[in-house]
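The values are calculated or read from the model by the stated rules, or taken from the named source; none is laboratory data. Source: prediction; values computed, not measured. All Cβ positions, even for glycine, are placed from backbone atoms using ideal geometry, and neighbour counts span all protein chains on display.
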Amino acid sequence: MMRILLFSLIILPTKLIAQCCSGGVPMSNNIGLPSAEKGVLQLNLNYDWNNLQNLKSESSSLNDNSRQRETHSLLFELGYTITDRFSVDLFVPFIRQERTITSSFGSIDFDKTQGLGDIVILPKFSFTDKITFGIGAKIPTGDSDRSDDGITLVADLQPGSGALDGILYFAYANYLNTRPSLGYFGNVIFRATGENDSYFGSSTYQFGNELQLIAGVSDRLIISKLQIDPSLKLRYREAGKDFFDEAEFPNSGGSFLFLNPGVSTVLSQALSWQINTSIPIYTFVDGTQLSPTIQVNTGLLFRMNLKQKDFEL
Amino acid sequence: MKQAFTLTLLLLFVGCGKEEDPSTKATTTIYSEWLIPTSLVFDGGPGKDGIPALENPEMAVIGDANLKFMKDSDLVLVYRNSGEVRAYAHPVLDWHEIINDQIGDDHVAVTYCPLTGTGIGWGRELNGEITTFGVSGFLYETNLMPYDRLTDSYWSQMFNQCVNGYLFEEIPQFFNLIQMNYGALKNLFPNAMVTTSNTGHIRDYNSYPYGSYQTNSNFLFPISNSDDRLHPKEWVRGVEINGSAKVYQFPSSGGRELILDQFNGEEIIVVADKSKGFIVSFLNRTIESHELAFSLTDNEDSNIILEDQLGNKWDLFGKAVEGPNAGLELEVPYSYMGFWFAWATFYPDIALYEAE
């Protein structure tokens, strides 16, 4: 029972939602499947919608809603626990980037790209049931030179970043002894970004390094025999400035604080469902950028023990 | 809960494959034929009209409270018609790039690219109709590409031509703009009207949106040719004669300088004043078989900058305002201010004026 509870606690913070405009690779806050027993295969399917419509100059809102950026992501994450301590996650995103501008003259300009994003491989080691550490890589499998009408689009509209990134992952989850259903958790995810050396042909582009700190609480409620796990998280994201040909390019960096209410439920022994949203409560962008307005993420987690033959969905 | 489960599955499998509703999401029609290599045309990020051009913006006389955001060192682009002088402030143009305005009977689009520093006046009458220009969001050689709202054709500011669309190969009408600093404007044209910060948009006109870009050696988009004879962001005035270009710098001394030069068969007159931030250029002319011999006037706090051997005095716009030929004007060649790298990129064989 405690293991299932910890499973719930860990999955909630890790299934946070994508962060744009950090290059259209919404993975840093989605990665990291929960710890599981040896032989357990987990498949996480998520849909993630990220809407950016608030144009800001640093922390000041410019009250300009003419621009809109949306990222729709279909996120597949496959994890297998090789031993009780060691597991590997594979994260495969399919991304659709949209940009819509409604001019004051009434015309609408719309651009999009879509395709396979950058795949992430994350080997993880669980020191205890409560602490997991991972170190992985984001492999540039997504295109970073997509064009629209023959014109190459900017980096943050591309499905991939074109760069090999390193990822450090840390997760902690625990519960109150006085109320075992009430858990608390924290995550640290750091992405050291690499350089795309074929941006716009022969130039280089590098997204800023990204750090995310997540802390939250979750509880378990039984309502009409239904097991409901509400949660509330605070997520801080710090992204450095981007670089074009090694020159600062204030395109996607900044500091962001989000409030993430969410809920999940175990549908069966093998299947759980979650939905959460992300509401920005503080934003400071580098230069002038669209900042997050709302994000919604929902998905299903299938969990099966390949060593047990009595598995049922 | 079953409904939630179904909804999730629906989102999962439909989300990324959705088709846009054409009634709500229009796309721009871009012709297949381009006058410039599309390999050097890039999407700048904000998208078409993501940087909002202005139309007939509010103007105020110097000293007005709505001009408090202007510092004496800020640059302006000055246009004059029928005695009316209007100044378009760089701090506003940095955020809007194009100002569509009417000065007297002139319908002018003040186009300004913050990345190349180039400010050029274009006529807004196309195919016999008055229209406006907007910011396409594309950059060619890291330079502004306007589009016109009459035909949705795409233009290149420094290429000075329509490069894609219905008006393919059309050349816009050129209007001479004089760049100077705001302190000089107050001094030389105290009755000028200046763009205010009441643009209808909320922007921080006190801050420059591109950080240290104007002074560093970096670019934000690729260029095809670089030339290290000068610092890439040094302000110069380029003059194009028959497809070739030559640039003129501010005097290193910091004062005012008169340059009499020959280029491509034309006699060029250049007056550069570093403290006031202007470089102007004219083609010499003859009056009744007299080729004019110019010299600088003594009073640098006047907009009358030149005098000739016939007793004429000429102002910053090249108009004789005193003397026997008052009313005559010097022809202004196709010329404008910009960063050195931009001129060197668009004109790889560009000449650089060097005093003998």
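Counting the residues of region A:127-156 that are within 17 Å of the chain's Cα centre (by Cα) and within 14 Å of another protein chain (Cβ to nearest Cβ) gives 2. Being part of a strand (DSSP E or B), out of contact with any Phe, Trp or Tyr (no Cβ under 7 Å at 6 or more places or on another chain), of a type in the set (D, E, K, R) and within 27 Å of A:Leu234 (Cα to Cα) holds for only one residue in A:Arg179, A:Arg191, and it is A:Arg191. Residues that are within 13 Å of another protein chain (Cβ to nearest Cβ) and within 24 Å of A:Gly253 (Cβ to Cβ): does region A:163-173 have at least one? For region A:163-173, residues within 13 Å of another protein chain (Cβ to nearest Cβ) and within 24 Å of A:Gly253 (Cβ to Cβ): absent. Among the residues of region A:289-298, those that are surrounded by 21 or more Cβ atoms within 10 Å (Cβ to Cβ), within 11 Å of chain B (Cβ to nearest Cβ) and either in contact with a Phe, Trp or Tyr (Cβ under 6 Å, 6 or more places away or on another chain) or more than 16 Å from A:Leu232 (Cβ to Cβ) (or both) comprise A:Gln289, A:Leu290, A:Thr298.
One residue stands out among those in region B:29-54 that are surrounded by fewer than 17 Cβ atoms within 10 Å (Cβ to Cβ) and not aromatic (Phe, Trp, Tyr): the one that is farthest from the other protein chains (Cβ to nearest Cβ), which is B:Leu35. Of all residues in region B:322-335, those being more than 19 Å from B:Ile36 (Cβ to Cβ) and either part of a helix (DSSP H, G or I) or touching a residue at least 60 places away in the same chain (Cβ under 8 Å) (or both) number 4. Got at least one residue in region B:71-88 being assigned to a strand (DSSP E or B), modelled with pLDDT of 95 or more, more than 10 Å from chain A (Cβ to nearest Cβ) and under 30 Å from A:Ile108 (Cβ atoms)? Taking every residue of region B:71-88 in turn, at least one turns out to be assigned to a strand (DSSP E or B), modelled with pLDDT of 95 or more, more than 10 Å from chain A (Cβ to nearest Cβ) and under 30 Å from A:Ile108 (Cβ atoms). Counting the residues of region B:341-356 that are assigned to a helix (DSSP H, G or I) and more than 18 Å from B:Gln157 (Cα to Cα) gives 0. Inside region B:305-331, residues that are buried (at least 19 other Cβ atoms within 10 Å of the Cβ) and under 20 Å from B:Arg237 (Cα atoms) make up a count of 8. Highlighted here are the strands (runs of 3 or more DSSP E) found entirely within region B:93-174 that include at least 2 residues which are assigned by TED's automatic domain parsing to the domain that holds B:Ile36, within 30 Å of B:Glu234 (Cα to Cα) and not hydroxyl-bearing (Ser, Thr, Tyr): B:98-103, B:106-113, B:118-123, B:133-140, B:143-148, B:161-164. What about A:Ser264, is it surrounded by fewer than 17 Cβ atoms within 10 Å (Cβ to Cβ), among the small types (Gly, Ala, Ser) and either free of Cβ contacts under 8 Å to residues at least 60 places away in the same chain or more than 10 Å from chain B (Cβ to nearest Cβ) (or both)? So A:Ser264 does not fit the description; no. In the condition set (1) basic (Lys, Arg); (2) in a helix (DSSP H, G or I); (3) in contact with a strand residue (DSSP E or B) (Cβ under 7 Å, 6 or more places away or on another chain), B:Lys186 is compliant with all but (3). Considering region B:180-220, and only residues there that are away from every other protein chain (no Cβ under 14 Å) and closer than 30 Å to B:Ala344 by Cα, the residue that is surrounded by the fewest Cβ atoms within 10 Å (Cβ to Cβ) turns out to be B:Gly183.
Annotation note: of A:Ser103, A:Ser107, A:Ser87, the sole residue that is without any contact (Cβ under 8 Å) to a residue 12 or more places away in the chain, touching a strand residue (DSSP E or B) at 6+ places or on another chain (Cβ under 9 Å) and hydroxyl-bearing (Ser, Thr, Tyr) is A:Ser107. Yes or no: region A:186-199 includes at least one residue that is buried (at least 23 other Cβ atoms within 10 Å of the Cβ), polar (S, T, N, Q) and closer than 20 Å to B:Ile223 by Cβ. Among the residues of region A:186-199, at least one is buried (at least 23 other Cβ atoms within 10 Å of the Cβ), polar (S, T, N, Q) and closer than 20 Å to B:Ile223 by Cβ, which makes the answer yes.
Taking the numbered list (1) of a type in the set (Gly, Ala, Ser); (2) out of contact with any Gly (no Cβ under 6 Å at 6 or more places or on another chain); (3) within 14 Å of chain B (Cβ to nearest Cβ) in turn, A:Ser278 passes all entries but (3).
A:Phe258: at pLDDT 95 or above, of a type in the set (Phe, Trp, Tyr), surrounded by 15 or more Cβ atoms within 10 Å (Cβ to Cβ) and in a strand (DSSP E or B), yes or no? Criteria met by A:Phe258.
If I ask for residues that are away from chain B (no Cβ under 11 Å) and not aliphatic (A, V, I, L, M), which ones from region A:99-126 would you list? Across region A:99-126, the qualifying residues are A:Asp118, A:Pro123, A:Lys124, A:Phe125, A:Ser126.
In the condition set (1) of a type in the set (Lys, Arg); (2) surrounded by fewer than 23 Cβ atoms within 10 Å (Cβ to Cβ); (3) within 16 Å of the chain's Cα centre (by Cα), A:Lys225 is compliant with all but (3). B:Lys246 falls short on exactly one of the conditions (1) surrounded by fewer than 21 Cβ atoms within 10 Å (Cβ to Cβ); (2) not assigned by TED's automatic domain parsing to the domain that holds B:Ala65, and that condition is (1).
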